[in-house]
């Protein structure tokens, strides 16, 4: 079967029965949870959820227990749903106990395997592709975030106008879990109000993070190593993970680069904001930073950010060291 993305999962659940075995993978935790919600709603009736839904973790639950659950008949329902998370942690001897149920799936059960990363060369991937369904959930691109904000707001029974969506993305970044958390705060703050405008967002969402990003990039542009390390620490102290901080800084630098290109084309004001996708509320701050950065500095910083991102993902224990190295390399 062809690999589905999140939208294809939504569409296919509306028109067909979900297969008896599936593999969902991706490193965006929010998307994984949303996909599982959709599958659970489609496969299990709410009245029998307690009897027919089980969730296991590869590093905590014995494989034989998972297998026994898969082979248990559903109660007062056509199928049961078994979710097995973090399956990238399984050893080959563990897979040997599961292959028969993946390659010859039971009609009475829906078995969903979940992973952050997968190896497409492995037997389990090929078996899921042949006998079931693969769902790959990639992190959304920058230009896809507004649609995701709209989707998350809809789930919270809210409607954000274009300006409030732009400001929310600017303040929070592209991490869907963070956006979901802030929109939940908006829901609580607004009470019975269903529409969200720019002032609502500015009242509820903290500006600490975006101020820290502006301060950090200004310090890097000025080669102020001590200041940059201080602002980076401030950014992390206010809830940003190392990878999320890198994503915010990278997006910030790309905006500066796009603004410089727009200025060369003679764009100003609303036209410049529209081209770059920056709320007019933040334009002056960005224009001031454009004067601090030249194209070579931006290119070098982006390259080092990519190297830092890769290094942190391969060695997360040393993430603080890699971030410090990023500052040292860009403030030379």
task = Could you tell me how many degrees, from 0 to 90 and to the nearest 10, lie between the Cα long axis of helix 29-43 and the main elongation axis, the longest principal axis, of the Cα atoms of the chain?
result = 30 degrees
message = Give the separation of the Cα centroids, the range 119-172 to the range 56-92, in Å.
response = 26 Å
request  = Report, largest value first, the span of the C-alpha coordinates of the range 225-273 along each principal axis, in whole Å.
outcome  = 38, 21, 15
inquiry  = Run the numbers for residue 138 and residue 264: contour at 0.36 nm per residue of separation, minus the present Cα-Cα distance, in nm.
reply    = 42.0 nm
query = So what's the Cα pair-distance distribution over the range 104-259, bin width 5 Å, in %?
reply = 1, 8, 15, 15, 13, 12, 11, 9, 7, 5, 2, 1, 0
key: Proportion of all alpha-carbon pairs of the range 208-330 beyond 17 Å (%)   = 55 percent
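Let me have the relative contact order for the chain, percent, based on Cα pairs under 8 Å that are six or more residues apart.
16 percent
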query = Applying 1/(1 + (r/R0)^6) with R0 = 41 Å to the Cβ-Cβ distance of residue 2 and residue 225, what FRET efficiency is obtained, to the nearest 0.05?
reply = 0.25
Cα long-axis angle, helix 6-15 against the chain (0 to 90 degrees, to the nearest 10) = 40 degrees
remark   = Scoring the range 182-246 by relative contact order with C-alpha pairs under 8 Å, at least six apart, yields a percentage of 25 percent
key: Surface/4 of the Cα convex hull for the range 6-136, nm²   = 7.4 nm²
key: Residue with peak Gaussian network fluctuation, the chain [Cα springs, cutoff 10 Å], from 60, 177, 77   = 60
task = Just the ratio, please: alpha-carbon radius of gyration of the range 142-204 over 2.2 N^0.38 Å, N its number of residues.
result = 0.95
message = Angle check, please: helix 242-264 long axis (alpha carbons) against the longest principal axis of the chain (alpha carbons), in degrees 0 to 90, nearest 10.
response = 50 degrees
Residue 154/residue 202 FRET efficiency (R0 25 Å; Cβ-Cβ; nearest 0.05) = 0.70
request  = For a label point 7 Å from the Cα of residue 314 along Cα→C-beta, name the residues of the range 216-252 whose backbone N is under 18 Å from it.
outcome  = 243
Along principal axes, Cα extents of the chain, largest first, whole Å = 66, 46, 35
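The numbers here are math on the coordinates, done by the rules we state, and not lab data. Note that the structure is predicted; figures quoted are calculated from it, not measured. Note: ideal-geometry Cβ built from the backbone for every residue, glycine included; neighbour counts use all protein chains shown.
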